[in-house]
Amino acid sequence: LLASLPGSDWSLVLMCVESLCGVLLPVAPSMEIRNPHSTGMDQQLILAIIGSVSVTCFTIIVALLALFCIKKNLFSRKRMFTYQSGSGEETILQFSSGTLTLTRRPRPQTEPFSYPILEWADIKFEDVIGEGNFGQVIKAIIKKDGVRMNAAVKMLKEFASENDHRDFAGELEVLCKLGHHQNIINLLGACENRGYLYIAIEYAPYGNLLDFLRKSRVLETDPVFAKEHGTASTLTSQQLLQFASDVAKGMQYLSEKQFIHRDLAARNILVGENLEAKIADFGLSRGEEVYVKKTMGRLPVRWMAIESLNYSVYTTKSDVWSFGVLLWEIVSLGGTPYCGMTCAELYEKLPQGYRMEKPRNCDDEVYDLMRQCWRDRPYERPPFTQISLHLIRMLEARKAYVNMALFENFTYAGIDATAEEA
Ligand code: ADE
């Protein structure tokens, strides 16, 4: 084909090749471009030039393609996080860059999941707003999709255990899989830095519901105000019922997604803008219809259903039991459930039919809802859909279901911080 080109076309091809690859081709300045038909030597020289140009261009293209593929691969791996959770024996936490493998016994591999990534440079840490034995929550300003917003960033401390790492990664997985709902604390993004995982969630300006309820005990904080206004709380019956309704809506969403929370309590509810209650702390949540806990750990005994205490069985119906206890916490303005009783007494008395009494300020209808949640047989407890509807109806009735008026000999429900730590 090349040999059949007329002489002028040959000069043109060579001129192009020369101008394209002038730097790459060591063509001697004295070398003249002659008619390719003139000698066999010339033809060979031209073929050699074209060959070397083609090889050079091909090599450059292959190198560029390889570079592109490597970059693309690195970029997408950054968004993947492998985590193994649940009832198996091996725990693997694996970042795209930097791997933390905690092996116990072999078990099948689970699917990695992707999370919305946050760049380290886009997180500006402010104050510590929560602290546990092995973790911290820090208020931060983050930039997400170019927008600055408040966030609470959760991180583990250096000495966190294998279980803490697993629960923490599990929380990220649950948040990713749950999707968005108004009555849960939603995930904003996660960031991996120096082998540590940081989870950014929505910031709730009023903190956790338990402290919020306790702070509203105005007879303790400002007795003059309380007597002047004849009220035991800065919160109204309507606001208290609204908290319960918000949590029920969030739990309805969770149960529809077949997620079990396993630690539903006022301390794990956060109060957001417009006093909206949002379910948080998904560290123990499991996306399983029935979860049988196999390992020992701290147990929220006072919030646990009978079957969870006796057989370590957790279902949405055991979450319903915990919701009943949470409803009691709301009505009692943050009282300690079964205050004055030990955990051992609970193990003994709950199966015998013992239940918490009706708080004096509580309407029969609200107490009846609590008692339905505490039915012995899990399947006789109402589903969250029904609980949510019931609370919405009560809110619409605008009756004082929780009486906050200061009556004679009014006393708040007892608080025993040591008893709450299971
Ligand atoms: N404490 C723990 N998590 C929080 C959050 N998301 N917002 C405010 N305070 C918190």
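We did not get these values from a lab; they are worked out from the coordinates using the rules stated. Given the structure is predicted, the values throughout are model-derived calculations rather than measurements. Positions of Cβ are generated from backbone atoms using ideal geometry, with glycine treated the same way; all protein chains shown enter the neighbour counts.
Restricting region 193-230 to trypsin sites (Lys or Arg not before Pro) that sit in a DSSP loop and have at most 11 other Cβ atoms within 10 Å of their own Cβ leaves R194. When you filter the trypsin sites (Lys or Arg not before Pro) in region 337-422 for DSSP loop state and at most 13 other Cβ atoms inside 10 Å of their Cβ, you are left with R360, R398, K399. Computed extension length for L67-Q43: 5.0 nm, one decimal, from 0.36 nm per residue of separation with the Cα-Cα distance subtracted. For the listed residue pairs K144/K249; K317/K399; K144/K177, the alpha carbons are over 22 angstrom apart in K144/K249; K317/K399.
Given the options A152, H181, Q258, identify the residue whose Cα lies farthest towards the positive end of the charge dipole of region 117-268 (+1 on Cβ of Lys, Arg; -1 on Cβ of Asp, Glu). Sorting the options by dipole projection puts first H181.
Neighbour counts of other Cβ atoms within 10 Å put T418, T336, T56 in the fewest-to-most order T418, T56, T336.
Fewest neighbouring Cβ atoms within 10 Å first, the residues T234, T411 line up as T411, T234. Of the residues V224, V137, V402, the one with the fewest other Cβ atoms within 10 Å heads the list, and the complete ranking is V224, V137, V402.
Can you pull out the chymotrypsin sites (Phe, Trp or Tyr not before Pro) in region 300-384 whose DSSP state is coil and whose Cβ has at most 10 other Cβ atoms within 10 Å?
none
Anisotropy class assigned to region 317-378 is oblate, per the alpha carbon gyration tensor with a/c at or over the 1.5 cut-off and a/b no larger than b/c. Taking a ≥ b ≥ c as the square roots of the eigenvalues of the Cα gyration tensor, an a/c ratio of 1.5 or more together with a/b no larger than b/c marks region 287-401 as oblate. Shown is the FRET efficiency for A344 and E380, computed with R0 = 30 Å from the Cβ-Cβ distance and rounded to the nearest 0.05: 0.70.
With the charge dipole of region 158-249 set up from +1 on Lys and Arg Cβ and -1 on Asp and Glu Cβ about the Cα centre, the Cα lying farthest toward the positive end among the listed residues V224, Y198, A244 is that of V224.
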